[in-house]
1. Treating the angle as unsigned and between 0 and 90°, give the value, to the nearest 10°, between the Cα long axis of helix 43-61 and the longest Cα principal axis of the chain.
2. Tell me the angle of helix 2-16 to the major Cα principal axis of the chain, expressed in degrees between 0 and 90 and rounded to the nearest ten.
3. How big is D for the chain, in µm² s⁻¹ as a whole number, if Stokes-Einstein is applied with the Kirkwood radius of its Cα pairs at 20 °C and 1.002 mPa s?
4. With a 10 Å Cβ neighbour count serving as the proxy for reagent exposure, in which order, fewest first, do 36, 75 appear?
5. Hey, rough spin-label estimate for residue 42 and residue 14, points 7 angstrom out along Cα→Cβ, what's it come to in nanometres?
6. Order of 35, 54 from fewest to most other C-beta atoms within 10 Å?
7. Provide 67, 9 in ascending order of the number of other Cβ atoms located within 10 Å of each residue's Cβ, fewest first.
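Nothing in this text is a laboratory measurement; each read-out follows from the coordinates by a stated rule. As the structure is a computational prediction, the values presented were derived from the model and not from experiment. Glycine also receives a Cβ, built like all others from the backbone with ideal geometry; neighbour counts cover every protein chain displayed.
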Amino acid sequence: MLSNLGNKLGMRFEKIGRMEDLEQSARRAQQAVDLTPQDHPDLASMLNNLGNKLERRFEGMGRMGDLEESIWRETQHRGRPKGA
């Protein structure tokens, strides 16, 4: 699952600090969201995960666009009812 791969890449980044892992972690989380149907029960969790990855990438690379995207994803996540 792409979301799990993104999480593992994020963990490796935290452990050894390889920026490529941070970049790939956010990409895999984005792919997981893109491939998940809007009515899937796990979409809210994947949106939250993507927001977290983008926030971490902002912290590591300073890309303002990542912070803006993270805020937008958090808004999407908060607006979804549980299980919807």
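1. 20
2. The angle comes out at about 30 degrees.
3. After rounding, the answer is 170 µm²/s.
4. Details: 36 17, 75 11.
So the ranking, lowest neighbour count to highest, is 75, 36.
5. That separation, rounded to one decimal, is 2.0 nm.
6. Numbers: 35 11, 54 25.
Arranged by neighbour count, lowest to highest, 35, 54 become 35, 54.
7. Details: 67 15, 9 22.
Ranking 67, 9 by Cβ neighbours within 10 Å, fewest first, gives 67, 9.
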